[in-house]
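The values are calculated or read from the model by the stated rules, or taken from the named source; none is laboratory data. Note that the structure is predicted; figures quoted are calculated from it, not measured. Methodologically, a virtual Cβ is constructed for each residue, glycine included, from the backbone with ideal geometry; neighbour enumeration extends over all protein chains shown. Quick note on the areas: whole protein, heavy atoms, side chains included, nothing else; ligands and nucleic acids left out. Shrake-Rupley method; radii C 1.70, N 1.55, O 1.52, S 1.80 Å.
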Amino acid sequence: MEQRRFVGIDLGKRTYEIKIIGSNGRVTGTNGLTSPKGRKELYKRLLSTDRIAIEVCSLSMVMAKEIHKEVGCEVVLLNPSQIALIYRSVKKNDKEDALKLARLVQKFTDEELPKVELPSEHEENIRHILTEFRQLRHDRTKEINRLHALFLEGGITEIKKKDLARDSSRKESVKMLKGLFLMQAERIIKRLEIIDGQTEEIEKLLDREIDGDKNIERLTEIPGVGKQLASAYVAFIGDGSRYSNVSAIGAATGLVPRLDMSSTVCRLGHITKCGNRHLRSLLILAAWSHIRYSGESALKEKYLYMTKVLSKGKKIAIVATARKLAELMYTILKNDTPYEKRISPAFSTRKLADEAVAS
């Protein structure tokens, strides 16, 4: 029976370094190009019994799928931000990084490593669509800011950015400009028309991709949760099967505080901000929407309890509410149950506030 080898691959933009720890403990290595031809040469050196470690990136996702298909060995994708062994090392180069990755999969199990799950094709498609949508929204904001700056340079201060949000109001507002400012504004409007058209195409593409996805439909039943957040949640968190319990969701979304504990001293810092930044921002926006428009709910009561009874700041309270929202979404998907509005009479904010005043 062939003994298992442990392999570490350090990827660069155009090249890779590979280190292989054999069954006898001997370390061998080589390098090559990350081009399609170079990757095929790499796969010829691998065995179906190998255990491979790669730091997660766009190329590593592609290579992991190719290795599964062509070689059939185990590939462990690692979160680079959580590998202190590499990034705090005094001696750091591609060869050393590849060797350390091989050592990690040699000594530790999957549960002990900062492993990143390989997304399904459906999840990856949603990720790409949302990334392009976010970039288009960012470009749109930049163009509106440029257009607003033209009005300020022309001495027209009564026009606000919200007046330039719609196409009809933009075209009406630019009539106030003259000369070179007017010509520049017309070019910006043309770019905005292109961006708005592409945004509509992306929204239709997202609708087609998520059509029939029961998980996304179930999440959108929660007040404040739209199709973008539901899609992002399914794309980056999945259906809940990747996490053993609800407590892991706060850490996965980066909405839990940093913990500094020594003896009897325990300090809580700012949130960790791990996980996908776009998903985290959508969760916070949805939490604001939920507490403003959902009526009575457990999430809204938590926010009011923290702000009115515990005297916490609104930003701290909304982050805690966003974490609870993420945990609620996990519970709905994990248990395959519809959303139900629940509120405990014993947890009424008004009751707690009255008790606090009376005491």
Which of [x] 0.96; [y] 1.25; [z] 1.07 is the computed Cα Rg over 2.2 N^0.38 Å? It is [y]
Per DSSP, the loop-located GluC sites (Glu not before Pro) within segment 87-144 having at most 14 other beta carbons within 10 Å are Glu117
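Over 25 Å between Cα atoms: which of Lys142/Lys324; Lys13/Lys115; Lys142/Lys190; Lys13/Lys37; Lys204/Lys302 fall into that group?
The answer is Lys142/Lys324; Lys204/Lys302.
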Given a Förster distance of 22 Å, the FRET efficiency implied by the Cβ-Cβ spacing of Leu310 and Leu285, rounded to the nearest 0.05, works out to 0.45
For the chain, the longest principal axis of the Cα atoms and the Cα long axis of helix 314-335 enclose an angle in degrees, to the nearest 10, of 60 degrees
Within segment 259-288, DSSP-loop trypsin sites (Lys or Arg not before Pro) with at most 16 other C-beta atoms within 10 Å are Lys273
Measuring from the longest principal axis of the C-alpha atoms of the chain, the long axis of helix 121-153 (C-alpha) lies at a number of degrees, nearest 10, equal to 40 degrees
Stretched fully, the stretch from Thr337 through Lys175 gains (0.36 nm per residue minus C-alpha distance, one decimal, in nm) 52.9 nm
With every protein chain kept in place and a 1.4 Å probe, the chain has an accessible area per residue in Å² of 58 Å²
Candidates Gly254, Gly72, Gly224; GNM for the chain (alpha-carbon contacts under 10 Å) flags as most fluctuating Gly72
Given Cβ charges of +1 for Lys and Arg and -1 for Asp and Glu, the option among Ala98, Thr331, His68 whose Cα lies farthest towards the positive end of the dipole of the chain is Ala98
In degrees, nearest 10, the alpha-carbon axis of helix 58-70 is tilted away from the dominant principal axis of the alpha carbons of the chain by 50 degrees
Applied in sequence order to segment 72-77, the curve 6.51 cos²θ - 1.76 cosθ + 1.60 (Karplus, θ = phi - 60°) yields integer Hz couplings, x standing for Gly and Pro, of x, 8, 7, 10, 10, 8
